[in-house]
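Just so you know, all these numbers are worked out from the coordinates, no wet-lab data involved. Everything numeric here is computed off the predicted structure, so don't read it as measured data. For neighbour counting, all protein chains shown are included, and Cβ atoms are generated from backbone atoms with ideal geometry for every residue, glycine included.
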Amino acid sequence: RLILGLESSCDDTAAAVVRIDEHGRGTVMASVVAGQTELHADFGGVVPEIAARAHAEKLDHCVEDALHAAGITLPQIDAIAVTAGPGLIGGVVSGVMCAKGLSAATGKPLYGVNHLAGHALTPRLTDDVPYPYLMLLVSGGHCQFLLVRGPDSFDRLGGTIDDAPGEAFDKVARLLGLPQPGGPSIEKCAQGGDPKRFALPRPLLDRDGCDMSFSGLKTAVLRARDKSMAANGGLTRQDQADLAAGFQAAVVDVLAHKTCRAFAEYPAEGARGLCVAGGVAANKSIRAALETVAAEQEARFVAPPLALCTDNAAMIAFAAGEQAVLRDADDLTLSARPRWPLDTARPSMLGSGK
Ligand code: ATP
Ligand code: FE
């Protein structure tokens, strides 16, 4: 089966073609992602109206490009999958409308997919990971532990109570005068730094459960920076590197400890895999720490390639393929949802917004 996927829930417009074989294994035939960074550059963040308009303009091109790259034409597609939430509603609506149009025109079944389910199921696209497995989703907008029991069955074990780690990386980079996106520039800058020079907090580390917090850490970096600047009349290269290293080490500690806790709290589930997704999973220190935790837990560590860890449409197409075994397709009443917690049912079962 060939599934065409569409994704437009944030600031990337994406289309992809995924082939699902008779064993349910997926192959990415094409995955096209058109970013919008330059459109929002002047505004210091994603502007929802601009994003929605750009998605509406770019979706058709992305679909054409994906079909072309996969070497197929629209009638050869067996199903159409689209992110139906959660996300910026204008963008989600653009994607859902486009998918409905394609479904109506071709008569092919339509599947509304939860964006987070797309991320959470990606390890099964790239590796042979059996259910259940533990998933840490860490990106610019999300941070949560999920126990993935099946294509449509997720338990949220905990997550951030304030900022997502990617957001914290971006904000701290701004504080240190490093370029955006903050993650890669902090990682690079931290290489020459002493992570122990500044004593930075590890919020909620001793607390039970898997909840995390990163906003206090960011404030602590701000204070340490200001103190250092007042003392030296500016921020030296070394201060910058030490603060970057200290911040990164704190994030690594929090994520690693909470991952241990997630395994400890759900031993009966027997999760034998630890998977990561989201842009922050690109960080080498974070990957190394999680790999160590996985080894201690005798779990397999799976980190999909970065292009499939960040927002993309291949994960949406594949998730639909996984879910199609369990459920019927959606119909043209499929609604776009700004909020859609993963541990609730899919939109067609909730009947909301119809
Ligand atoms: P979401 O997909 O959850 O809506 P998003 O689109 O912002 O959010 P991603 O594209 O998955 O998230 O990831 C982008 C984030 O990942 C940015 O905040 C960026 O700073 C962070 N990031 C990228 N590379 C690294 C790295 N090497 N170390 C730490 N963080 C990183
Ligand atoms: Fe995402």
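Numerical summary
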{"quantity": "For I316, I161, I77, order by how many other beta-carbon atoms lie within 10 Å, fewest first", "calculated": "I161, I77, I316"}
{"quantity": "For the chain, share of DSSP beta bridges that run antiparallel, in % to the nearest 5", "calculated": "60 percent"}
{"quantity": "Built amide H within the under 5 Å cut-off of G24, gap 5+", "calculated": "none"}
{"quantity": "Highest to lowest packing among 292-298, 211-217, 99-105, scored as the average C-beta count within 10 Å", "calculated": "211-217, 99-105, 292-298"}
{"quantity": "By average C-beta atoms within 10 angstrom, highest first, the peptides 234-244, 165-175", "calculated": "165-175, 234-244"}
{"quantity": "Relative contact order of the chain, defined on C-alpha pairs under 8 angstrom at six or more residues apart (%)", "calculated": "23 percent"}
{"quantity": "Packing-based ranking, highest mean first, of 137-145, 199-207 given that Cβ atoms within 10 Å are counted", "calculated": "137-145, 199-207"}
{"quantity": "Within the chain, helix-based [θ] at 222 nm, where runs of 4 or more DSSP H residues each add -39,500 (n - 2.57), nearest 500", "calculated": "-14000 deg cm²/dmol"}
{"quantity": "Residues whose placed amide H lies under 5 Å from that of V302, excluding near-sequence neighbours", "calculated": "L274, C275, V276"}
{"quantity": "Computed E for M229/L205 - FRET, C-beta separation, R0 41 angstrom, nearest 0.05", "calculated": "0.90"}
{"quantity": "Estimated vicinal HN-Hα couplings, Hz - the stretch 79-84 in sequence order (Karplus 6.51, -1.76, 1.60; Gly, Pro = x)", "calculated": "7, 10, 10, 9, 5, 9"}
